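What follows is a single structure, written as structure tokens, with notes after it.
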Amino acid sequence: MPNAISGFSKLTKSEKIEWLLDSYFADRETARQLVKQYWNSDEKLQKLHDEFIENTITNYYLPLGVAPNFLINDTLYTIPMAIEESSVVAAASKAAKFWYDRGGFKAEVISTEKIGQVHFIYTGDFEKLKMFFKDIKSKLIASTSHITKNMERRGGGILDIELRNKSENLDNYYQLHATFETLDAMGANFINSCLEQFAITLKSEANSQLEGDLDIVMSILSNYVPNCLVRAEVSCKIEDLKSKDIANPKIFAQKFKQAVNIAEIEPFRAVTHNKGIMNGIDAVVLATGNDFRAVEAGVHAYAARNGSYSSLTYCSIDDNVFKFWIEIPLALGTVGGLTSLHPLVKFSLELLEKPTAKDLMQIVAVAGLAQNFGALKSLTTTGIQEGHMKMHLMNILNQFEASVDEKTRIIEHFKTNVVTHSAVVEAIENLRK
């Protein structure tokens with residue numbers, strides 16, 4: 001067990017690596033070579049990566065793939081996806097092509113409101129607090145003018161501030177609940193800067209005008225954005241669903257709808273259902289330099305907004321028309337953060353023809369819908385494992401360090417045989433005998 005270390009962050013990169021090797025690795029040289037193998041040969045680019053986070057020792061790569069043929073609002077996109085899971089890009093591409101031949105995806109941004117809160121404790125009379133807030137509301141907004149002037153010039157800024165009484169849930173607890181429009185920026189730094197200024201002004205005014213103690217607890221944006229919504233959908237006549245693997249469109253449509261309905265009422269299924277949606281969403285969010293953790297947190301909260309965790313997608317069959325759609329909260333940005341720093345993020349945004357934040361919301365929602373369609377289509381027809389395991393086959397072969405010849409022969413074998421991990425292992429062993 002290594003000893004605790006003081007001043008680790010002040011060590012050079014090489015010193016940090018040497019300490020790790022000395023403390024944790026039996027084969028120090030192999031570990032050292034692995035760390036250096038993933039450094040970028042371009043020193044300027046490596047320095048950029050080193051400065052994204054603290055205590056950097058190397059780079060951790062994910063594959064960046066693309067899914068073509070996404071027709072969204074009559075514009076054709078090739079969507080970048082950064083993800084390590086087998087079959088995600090293939091499923092998205094297949095769904096995109098399926099719906100390209102049936103009119104493509106339709107998407108619209110419903111609203112773009114983002115939220116931040118100043119949380120505080122107040123021990124005085126609530127009626128007096130209400131009057132006090134009414135008197136200083138305009139002063140709170142005015143106090144942020146040095147922060148908001150550039151955003152306001154572009155058409156964004158603070159939309160409103162409300163005083164919210166939460167003392168029934170927690171003694172003496174209140175909020176300033178603020179709403180913002182941040183345009184093409186995700187806006188976290190902008191929102192947090194405004195909130196911290198609200199807190200300073202609130203505390204200062206309270207000291208001179210209010211009876212009772214007012215103490216600021218914290219000021220922070222919320223990643224729950226139920227009013228930053230986008231909708232995406234596909235639809236066609238039921239008979240137009242017919243394809244190579246959908247022989248009976250009517251039966252397929254009914255079974256597909258039943259699968260969605262199950263996810264609406266059964267949380268155990270809904271979690272896996274929505275995880276599949278997030279396979280598509282996270283991959284695009286990550287490729288475009290956005291915060292997939294914030295998106296995940298907000299999306300899953302939205303899925304439970306009615307008191308029980310439920311599906312993010314919906315399906316209807318009316319007047320012989322099959323419709324499948326998603327309505328989802330997405331707080332995204334196309335300026336600021338990594339969008340102007342990470343070379344592959346800039347590449348991805350250029351691939352998407354330099355979208356606005358609203359454009360990107362639509363593209364990301366469509367990616368999630370396509371992913372879910374692909375998964376449900378497999379589940380209700382051939383089963384999920386047939387396609388997934390065939391895509392996973394290469395990973396298994398690489399685990400066993402299969403040669404080029406072995407890969408060729410085993411892939412040919414599994415064109416007509418069911419892929420399972422044990423079946424692949426057996427095939428490798430038989431081949432090597």
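The values are calculated or read from the model by the stated rules, or taken from the named source; none is laboratory data. From a predicted model like this one, the values you see are computed outputs, not experimental measurements. In this analysis, Cβ positions are derived from the backbone assuming ideal geometry, glycine residues included, and neighbour counts consider all displayed protein chains.
Could we say that Ile161 is in contact with a helix residue (DSSP H, G or I) (Cβ under 9 Å, 6 or more places away or on another chain) and free of Cβ contacts under 8 Å to residues at least 24 places away in the same chain here? No; evaluated as a whole, the condition is false for this residue.
Could you tell me which of the residues Leu397, Leu376, Leu344 is in a helix (DSSP H, G or I), in contact with a Lys or Arg (Cβ under 7 Å, 6 or more places away or on another chain) and of a type in the set (A, V, I, L, M, F, W, C)?
None of the others qualify; the one that does is Leu397.
For region 305-328, the criterion of being crowded, with 17+ Cβ neighbours inside 10 Å, touching a residue at least 60 places away in the same chain (Cβ under 8 Å), in the same structural domain as Gly104 (by TED's automatic domain parsing) and assigned to a helix (DSSP H, G or I) is met by none of the residues. Scanning region 150-173 for residues that are within 19 Å of Ser222 (Cα to Cα), polar (S, T, N, Q) and not in a helix (DSSP H, G or I) turns up at least one hit. Sub-6 Å Cβ pairs linking a first residue in region 211-232 that is hydrophobic (A, V, I, L, M, F, W, C) to a second residue that is part of a loop (DSSP other than H, G, I, E, B), at least 6 apart or interchain, are Val225/Ala331; Cys228/Thr112; Cys228/Glu113; Cys228/Ala331; Leu229/Ile110; Leu229/Ser111; Val230/Leu330, ordered by first then second residue.
Screening region 85-118 for residues that are among the small types (Gly, Ala, Ser) and part of a helix (DSSP H, G or I) and picking the one that is surrounded by the fewest Cβ atoms within 10 Å (Cβ to Cβ) gives Ala90. Candidates in region 300-349 are the residues that are of a type in the set (Val, Ile, Thr) and under 17 Å from the mean Cα position of the chain (by Cα); of these, the one that is nearest to Arg269 (Cα to Cα) is Thr313.
Answer yes or no: is there a residue in region 259-277 that is farther than 23 Å from Ala91 by Cβ and among the β-branched types (Val, Ile, Thr). Checking region 259-277: at least one residue is farther than 23 Å from Ala91 by Cβ and among the β-branched types (Val, Ile, Thr). Taking the numbered list (1) closer than 23 Å to Asn290 by Cβ; (2) part of a loop (DSSP other than H, G, I, E, B); (3) not assigned by TED's automatic domain parsing to the domain that holds Trp325 in turn, Ala26 passes all entries but (1).
Yes/no matrix, rows are residues, columns are (1) in a strand (DSSP E or B); (2) at pLDDT below 95:
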| site | (1), (2) |
| --- | --- |
| Phe198 | no, no |
| Gly212 | no, yes |
| Ile216 | yes, no |
| Ile220 | yes, no |
| Phe252 | no, no |
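Being assigned to a helix (DSSP H, G or I), surrounded by 13 or more Cβ atoms within 10 Å (Cβ to Cβ) and basic (Lys, Arg) is true for just one of Lys128, Lys134. Which residue is that?
Numbers: Lys134 fails: surrounded by 13 or more Cβ atoms within 10 Å (Cβ to Cβ).
Only one candidate qualifies: Lys128.
Scanning region 162-188 for residues that are closer than 24 Å to Lys358 by Cα and either buried (at least 18 other Cβ atoms within 10 Å of the Cβ) or modelled with pLDDT under 95 (or both) yields a total of 10.
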